[in-house]
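The values are calculated or read from the model by the stated rules, or taken from the named source; none is laboratory data. Small disclaimer: the values here were computed from a predicted structure and weren't measured. Every residue, glycine as well, gets a Cβ built from its backbone with ideal geometry; the counts of neighbours run over all protein chains shown.
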Amino acid sequence: MRRDHFLATSIDTLVEHLVAEYSVTPLTLHEEQRSMDREEAQIDVTGRFDYAQAHSGPTIAKGFRFTFFYPFSGDANLWKLRPNTWSTVLPSAEVDARRSLLIIRIENTSSASPEQLKQTLDSQLSNIRNYIGWQAQMLSAFNEQLPRQIRESVETRRKELEKLDGVSAVFDIPLVKKPGMPDFKPIEMAKKVSRPLPRVPATGVKPEPAINAEAFEEILRIIRHAGASFEGTPQTYAAIGEEGLRDNMLSHINVIFEGKATGETFRKYGKTDIRIEEESRSAFVAECKLWGGQKLLGETLDQLLGYLTWRDCKAALVIFNKSVAGFSGTQEQVRPALTTRPGYLRELSAPSGEWRFVFQSKEDPSREVTVHVFMFNLYVAPDRAGKKR
């Protein structure tokens, strides 16, 4: 793999690509799809006690040959490998890797009973099933530890390359927390084909700064805390529109962090609601929107991705529901609306009631954008609107 791939591609994508490449799919015999062929045959019965041999050379008798075809899935090379657990009786069959078929042939004289033929086939199949099962146990253990081993190797390789080039792929954005500001106490909340790697320029990769994980999580905690306070007094915000909610959220961020957060700033193809930038490039962007259905949510995501120019950038979608009474039903629409968008890569873990996704940059497939999605419920029933708490 090219050195630039390790610098231009996120660790998660590299791990995902390599795990898919090096994991081994165990064999599965699809017995329910079996088929059979039969024909008359000349059977060599030399040495059988039930056939007297009055001459030298082979003894041939009339008989039948049955050919059974069993489709299989998994890595065909596994048929050539013996598991750690094995028996002295080896399975006997022919493997057609091109058609993914296991072919078992059974032949006997015309005097053989149907029960004898079936017993021979059942014995062969039982032996084959045992070997498949023993292999599957070994492969399960191998595939289970593979992601961890690959991640460790990728992280080590990236560190080596960064050290060799004398660069760091991620520089912390200098978000300075104001002296004396308390930490938020986290709310107790309950918390899944090999994808081709993106192309990277032949000229190499220039490392770019990005907001670090700690700063990103701190900003998300502020948004989470502010949104919870909005939900606690929804009547207060009943008359406030999208811009007012954005300004209120922005003030919460600027109370904690000095100076870097600005609102409604022109950037690239449009305006973004909240951004934190360094060296004139947005490292964090948040888009605040009133809920208007799945279509609007998808369009908002496209708008958000259009602002972002950095590799491994962090972003947030903050959705306020003021119009729909069934909030749980509204929440259920978030995941299908976003995971079907072009450029979707994967979903990451997030607290209950929130979502976190990774997308490809719209302008450069080697760049990835992490988008954390919040949805806050500010719906006020008509019979309660305007009433004092």
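GLU299 meets each of the listed conditions (1) at pLDDT below 85; (2) within 22 Å of ASN377 (Cα to Cα); (3) among the charged types (D, E, K, R); (4) outside any strand (DSSP E or B) apart from (1).
Taking region 57-106 as the range and being out of contact with any helix residue (DSSP H, G or I) (no Cβ under 9 Å at 6 or more places or on another chain), modelled with pLDDT under 90 and loosely packed, with under 15 Cβ neighbours inside 10 Å as the test, the residues that pass are GLY57, PRO58, ILE60, LYS62, THR88. In region 126-149, the condition of being modelled with pLDDT under 90 and out of contact with any Phe, Trp or Tyr (no Cβ under 6 Å at 6 or more places or on another chain) is met by no residue.
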